[in-house]
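Trainee: Quick one: the structure is below, questions incoming.
The values are calculated or read from the model by the stated rules, or taken from the named source; none is laboratory data. Since this is a predicted model, take the numbers as computed values, not measurements. Positions of Cβ are backbone-derived with ideal geometry, glycine not excepted, and every protein chain shown enters the neighbour counts. Each accessible area value is taken on the protein alone, full model and side chains, heavy atoms only, with ligands, DNA and RNA left out. Shrake-Rupley method; radii C 1.70, N 1.55, O 1.52, S 1.80 Å.
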Amino acid sequence: MSQEQKKEVKPKKKQNKKKKKQNKSPRLHIDGIFMGYRRGLTTQKTGTSLIKIVGVTTRKETEWYLGKKVAFVYNASRHHNGSNVRTIWGKITSAHGNSGIVRAKFKRNLPAIAMGKKVRVMMYPSKI
Amino acid sequence: MSTKITKGTVLILLIGKFKGKRVVFLKQLSSGLLLVTGPYQVNGVPLTRIKRKYVIATKTKVDIDALEVPTTINDKFFTPKKPINNWEKTEEKFFTKKQELKKVGLNESQQKIQKEVDTSIVEAIKKVQYLKEYLTARFVLQKGQLPHKMKF
């Protein structure tokens with residue numbers, strides 16, 4: 001190999017450094033968990049979902065959250081309008097029981113896969 | 001409208017491009033929307049309108065009782081102007097990328113109106129300690145913070 005060839009340095013592979021997302025969107029929602037559908041022992045009514053809002057443990061505390069919008073955010077494989085993130089919107093309709101669980105109705109019923117998954121409870125419509 | 005929101009009240013925006021930002025309330029427009037400004041110098045929010053339900057009213061108030069918002073800033077001021085028809089018919093426009101023509105920030109006329117409204121507000125903000133830093137900072141829900149237990 002001639003010296004010239006030796007000097008030929010292979011171009012370094014571009015290190016794919018993940019750019020830190022600047023100005024990340026601030027969290028303006030409260031996390032909740034989709035517990036399941038409204039149900040009796042043997043039958044479930046998929047039209048109404050039960051949401052457990054993190055940090056809400058009594059029926060009185062749920063008053064603030066009534067009427068607030070809820071979003072179930074999930075990823076799909078197909079990109080649409082540049083993004084594969086999709087949402088199902090709904091709203092909190094009423095309290096459920098005495099321990100802070102809340103009922104919500106979504107525009108399209110939540111899929112069963114979502115059980116145990118996070119749901120975002122927004123702070124609007126705001127009454128403050 | 002509720003008595004909580006008066007001229008100079010600091011509001012927290014919950015939706016849109018400026019969500020989380022703390023802004024100063026100016027007046028309620030005839031359509032019912034709230035007219036609000038950053039001020040632009042302080043946190044980059046220009047004169048905008050928002051619905052009452054997408055806003056949290058705080059106890060904090062900026063002393064701008066003397067300020068009179070010009071009547072030219074009304075709902076018509078915010079309605080988008082007529083779209084450019086015959087977009088592709090001009091050769092020059094056809095070959096320039098749409099991204100290059102996108103406006104960034106405020107144009108001259110908007111800047112003028114913005115300054116007109118904002119100068120007295122910025123002066124009032126400077127008089128109060130930490131108020132400018134407060135308006136620059138964004139509202140974020142941190143771990144363990146529950147809005148039903150917070151006092152705004």
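Trainee: Looking at this structure, is A:GLY55 open to solvent by 20 Å² or more (accessible area, probe 1.4 Å), within 14 Å of A:GLY32 (Cα to Cα) and among the small types (Gly, Ala, Ser)?
Mentor: Against the criterion (open to solvent by 20 Å² or more (accessible area, probe 1.4 Å), within 14 Å of A:GLY32 (Cα to Cα) and among the small types (Gly, Ala, Ser)), A:GLY55 qualifies.
Trainee: While we're here: Please indicate, with yes or no, whether at least one residue in segment A:3-19 is within 14 Å of another protein chain (Cβ to nearest Cβ), open to solvent by 60 Å² or more (accessible area, probe 1.4 Å) and either modelled with pLDDT under 85 or within 16 Å of the chain's Cα centre (by Cα) (or both).
Mentor: Within segment A:3-19, not a single residue is within 14 Å of another protein chain (Cβ to nearest Cβ), open to solvent by 60 Å² or more (accessible area, probe 1.4 Å) and either modelled with pLDDT under 85 or within 16 Å of the chain's Cα centre (by Cα) (or both).
Trainee: Give the residues of segment B:46-61 that are part of a strand (DSSP E or B) and within 14 Å of another protein chain (Cβ to nearest Cβ), sorted by residue number.
Mentor: B:ILE50, B:VAL55, B:ILE56, B:ALA57, B:THR58, B:LYS59, B:THR60
Trainee: Related question: Based on this model, can you work out whether B:LYS7 counts as of a type in the set (Lys, Arg), within 14 Å of chain A (Cβ to nearest Cβ) and either surrounded by 17 or more Cβ atoms within 10 Å (Cβ to Cβ) or more than 20 Å from B:TYR134 (Cβ to Cβ) (or both)?
Mentor: no
Trainee: What is the number of the single condition among (1) in contact (Cβ under 8 Å) with a residue 24 or more places away in the chain; (2) surrounded by fewer than 18 Cβ atoms within 10 Å (Cβ to Cβ); (3) within 26 Å of A:GLY67 (Cβ to Cβ) that B:LYS51 does not meet?
Mentor: Only one criterion in (1) in contact (Cβ under 8 Å) with a residue 24 or more places away in the chain; (2) surrounded by fewer than 18 Cβ atoms within 10 Å (Cβ to Cβ); (3) within 26 Å of A:GLY67 (Cβ to Cβ) is unmet by B:LYS51, namely (1).
Trainee: Would you please name the residue that is farthest from the other protein chains (Cβ to nearest Cβ), looking only at residues in segment A:58-101 that are of a type in the set (D, E, K, R) and farther than 19 Å from A:TYR37 by Cβ?
Mentor: Ranking the qualifying residues of segment A:58-101, first place goes to A:ARG78.
Trainee: Residue by residue through segment B:22-45, note down the ones that are outside any strand (DSSP E or B), out of contact with any Gly (no Cβ under 7 Å at 6 or more places or on another chain) and open to solvent by less than 60 Å² (accessible area, probe 1.4 Å).
Mentor: B:LEU29, B:GLY32, B:LEU33, B:PRO39, B:VAL42, B:ASN43
Trainee: Here's another thing I want to ask about it. Looking for whichever is at pLDDT below 85, more than 23 Å from B:PHE152 (Cα to Cα) and open to solvent by less than 80 Å² (accessible area, probe 1.4 Å) here; the options are B:VAL104, B:VAL69. Which one fits?
Mentor: B:VAL69
Trainee: Based on what the data block shows, is B:ILE64 within 14 Å of chain A (Cβ to nearest Cβ), closer than 18 Å to B:LEU135 by Cα, in contact with a Gly (Cβ under 8 Å, 6 or more places away or on another chain) and among the hydrophobic types (A, V, I, L, M, F, W, C)?
Mentor: The answer is no for B:ILE64.
Trainee: Count, please, the residues in segment B:124-141 that happen to be away from chain A (no Cβ under 14 Å) and loosely packed, with under 13 Cβ neighbours inside 10 Å.
Mentor: Counting residues in segment B:124-141 that are away from chain A (no Cβ under 14 Å) and loosely packed, with under 13 Cβ neighbours inside 10 Å gives 5.
Trainee: Right, here's the next one. In segment A:90-114, what count of residues is obtained for those that are in contact (Cβ under 8 Å) with a residue 40 or more places away in the chain, surrounded by fewer than 18 Cβ atoms within 10 Å (Cβ to Cβ) and closer than 11 Å to A:PHE72 by Cα?
Mentor: So the count comes out to 1.
Trainee: Being touching a residue at least 24 places away in the same chain (Cβ under 8 Å) and over 28 Å from A:ILE53 (Cβ atoms) is the requirement here; does B:THR136 meet it?
Mentor: yes
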